[in-house]
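A.B. asks: One structure, as structure tokens, below. Some questions next.
The values are calculated or read from the model by the stated rules, or taken from the named source; none is laboratory data. Since the structure is predicted, the reported quantities are computational estimates derived from the model, not experimental observations. No Cβ is skipped: glycine too gets one built from the backbone with ideal geometry, and neighbour counts run over all protein chains shown.
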Amino acid sequence: MRSMIFQLLICLFFLSTNVLANEIDLSKRNSLKPEETIYLDPNTILFIDVRTQKEWDKGYITGATHLPLKDFKVNLPKIIPDKTMPVVVYCSQGGRAVAATKYMNNLGYHAVPVIDGGYLQMLYAGHKHSR
């Protein structure tokens, strides 16, 4: 009986995380909590890392695209030509990501949220990272 209850709880957990992923509407959000971003599909949402090359070389979120803030204005149209593509932006703490999203929104990109707390908070939330 305990085994069946445990299995049922596990199933409910996975169903609830799937529902959460489907409920996150990026168009209505200015920011996301790092734990919310765990459920976003990197195959359909582009994670942009605006940290420096030196920071990127120390580690980055698996699947993220590196677009340093200093190169942002020049390379943005090349990396993200489709202004309707779902995008979330992060840096080490949030300041550069906010600057990047303001720039993107001014250019007509659709609702680009920032990840609260940046890279380290994403790691603490359980994101996979690469080096």
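A.B. asks: Any idea how many residues of the stretch 30-67 are under 16 Å from Val114 (Cβ atoms) and in contact with a strand residue (DSSP E or B) (Cβ under 9 Å, 6 or more places away or on another chain)?
C.D. replies: Matching residues across the stretch 30-67 total 19.
A.B. asks: Still on this structure: If Met104 meets every condition in (1) more than 12 Å from Val50 (Cα to Cα); (2) surrounded by 16 or more Cβ atoms within 10 Å (Cβ to Cβ); (3) touching a Pro at 6+ places or on another chain (Cβ under 9 Å) apart from one, which number is that one?
C.D. replies: Looking at each condition in turn, Met104 falls short on (3).
A.B. asks: Which numbered condition trips up Tyr39, out of (1) among the hydroxyl-bearing types (Ser, Thr, Tyr); (2) in contact with a helix residue (DSSP H, G or I) (Cβ under 7 Å, 6 or more places away or on another chain); (3) modelled with pLDDT of 90 or more?
C.D. replies: (3)
A.B. asks: Return the residue satisfying two criteria in turn: it lies in the stretch 66-84 and is over 13 Å from the mean Cα position of the chain (by Cα) and outside any helix (DSSP H, G or I), and of such residues it is surrounded by the most Cβ atoms within 10 Å (Cβ to Cβ).
C.D. replies: Per the criteria, the residue is Leu67.
A.B. asks: List the residue pairs whose Cβ atoms are under 6 Å apart, where the first residue sits in the stretch 18-41 and is more than 20 Å from Lys102 (Cα to Cα) and among the charged types (D, E, K, R), the second is assigned to a helix (DSSP H, G or I) and modelled with pLDDT under 80, and the two are 6 or more positions apart or on different chains.
C.D. replies: none
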